[in-house]
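Participant: If you scroll down you'll find the structure; I have some questions about it.
The values are calculated or read from the model by the stated rules, or taken from the named source; none is laboratory data. Since the structure is predicted, the reported quantities are computational estimates derived from the model, not experimental observations. Don't worry about glycine lacking a Cβ; one is built from the backbone with ideal geometry, like all the others, and counts go over all protein chains shown.
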Amino acid sequence: MSALVFKNRGAILALGALLLVIFGRPALSRALCAGIVLAVLGELVRVWAVGYSGVTTRADHVTAPALVTAGPYGYVRNPLYVGNFITAAGFTLAFVSGMAAGPAVILAAIVLGLMVVTYAVIIPYEEAFLARTFGEPFAAYVRAVPRVFPRSPKSPGQGVYRAEVIWRAETRTFITFAVVLALLAVRLWVQR
């Protein structure tokens, strides 16, 4: 089951974006602007993480050629997912910015809850792979670095930031981000 969820994580999370596009009601407001800024910040966290982890994050099966503990991985073990969640929270805020509080909270809970459930399945699956692959170094990493709630790193960690992998690794994410922004603009325009 975990392998299936991992392999289809993109499609599962796309369902949340689809729900926002269909049911969200954005409005030109501070909440919309704050949501877009939050979404960009989430993407920047993701880019920072990909610079360390490289293109292996796109595989449909868990893979890791090396244990990376530097950069954002020194603060939190799953910075890609933290970045994704921040981005989704930002887009959610933007898409519900024109809705009444009750429906906005329900839609946000469904969209972000879908992410939480998906990550609750795949993070332990990935970590089991990393434990088998890297043994005690990964166990020490788990003891030192939290799963999703960041704290200051105790050591510089291992790994090197490689900006040259960003475009190759993140093209699909950049396109998806642009499409969601475009759909947000279309929803704003249609609702006028």
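Participant: Does the range 107-120 contain at least one residue that is in contact with a Pro (Cβ under 8 Å, 6 or more places away or on another chain), under 30 Å from residue 27 (Cβ atoms), touching a residue at least 12 places away in the same chain (Cβ under 8 Å) and among the β-branched types (Val, Ile, Thr)?
Facilitator: no
Participant: Just to verify a result, which residue in the range 29-81, among those that are outside any helix (DSSP H, G or I) and aliphatic (A, V, I, L, M), is modelled with the lowest pLDDT?
Facilitator: The selected residue is 59.
Participant: Can you spot a residue in the range 149-161 that is out of contact with any helix residue (DSSP H, G or I) (no Cβ under 7 Å at 6 or more places or on another chain) and either modelled with pLDDT of 90 or more or within 25 Å of residue 7 (Cβ to Cβ) (or both)?
Facilitator: yes
Participant: So residue 180 clears everything in (1) modelled with pLDDT of 90 or more; (2) touching a helix residue (DSSP H, G or I) at 6+ places or on another chain (Cβ under 7 Å); (3) under 19 Å from residue 65 (Cα atoms) except one condition, right? Which one?
Facilitator: Failed condition: (3).
Participant: May I pose another question? Residue by residue through the range 144-188, note down the ones that are among the charged types (D, E, K, R) and not in a loop (DSSP other than H, G, I, E, B).
Facilitator: 164, 168, 170, 172, 187
Participant: Considering every residue within the range 112-124, establish whether at least one is surrounded by fewer than 20 Cβ atoms within 10 Å (Cβ to Cβ), outside any loop (DSSP other than H, G, I, E, B), at pLDDT below 95 and not aliphatic (A, V, I, L, M).
Facilitator: Checked the range 112-124: at least one residue is surrounded by fewer than 20 Cβ atoms within 10 Å (Cβ to Cβ), outside any loop (DSSP other than H, G, I, E, B), at pLDDT below 95 and not aliphatic (A, V, I, L, M).
Participant: Could you list, in sequence order, the residues of the range 15-28 that are in contact (Cβ under 8 Å) with a residue 24 or more places away in the chain and either among the small types (Gly, Ala, Ser) or part of a helix (DSSP H, G or I) (or both)?
Facilitator: The answer is 15, 16, 17, 19, 20, 21, 23, 24, 27.
Participant: Next question, about the same structure. Any chance you could count how many residues in the range 1-28 are among the charged types (D, E, K, R) and either farther than 26 Å from residue 125 by Cα or modelled with pLDDT of 80 or more (or both)?
Facilitator: 1
Participant: So in the range 138-187, with the set limited to residues that are among the basic types (Lys, Arg) and closer than 27 Å to residue 96 by Cα, which one is nearest to the chain's Cα centre (by Cα)?
Facilitator: 172
Matching residues to (1) over 20 Å from residue 123 (Cα atoms); (2) surrounded by fewer than 15 Cβ atoms within 10 Å (Cβ to Cβ); (3) at pLDDT 85 or above; (4) aliphatic (A, V, I, L, M):
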site	(1), (2), (3), (4)
140	no, yes, yes, yes
163	yes, yes, yes, yes
166	yes, no, yes, yes
175	yes, yes, yes, yes
184	yes, no, yes, yes
187	yes, no, yes, no
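Participant: If I ask for residues that are more than 15 Å from the chain's Cα centre (by Cα) and free of Cβ contacts under 8 Å to residues at least 60 places away in the same chain, which ones from the range 68-102 would you list?
Facilitator: Passing the criteria: 100, 101, 102.
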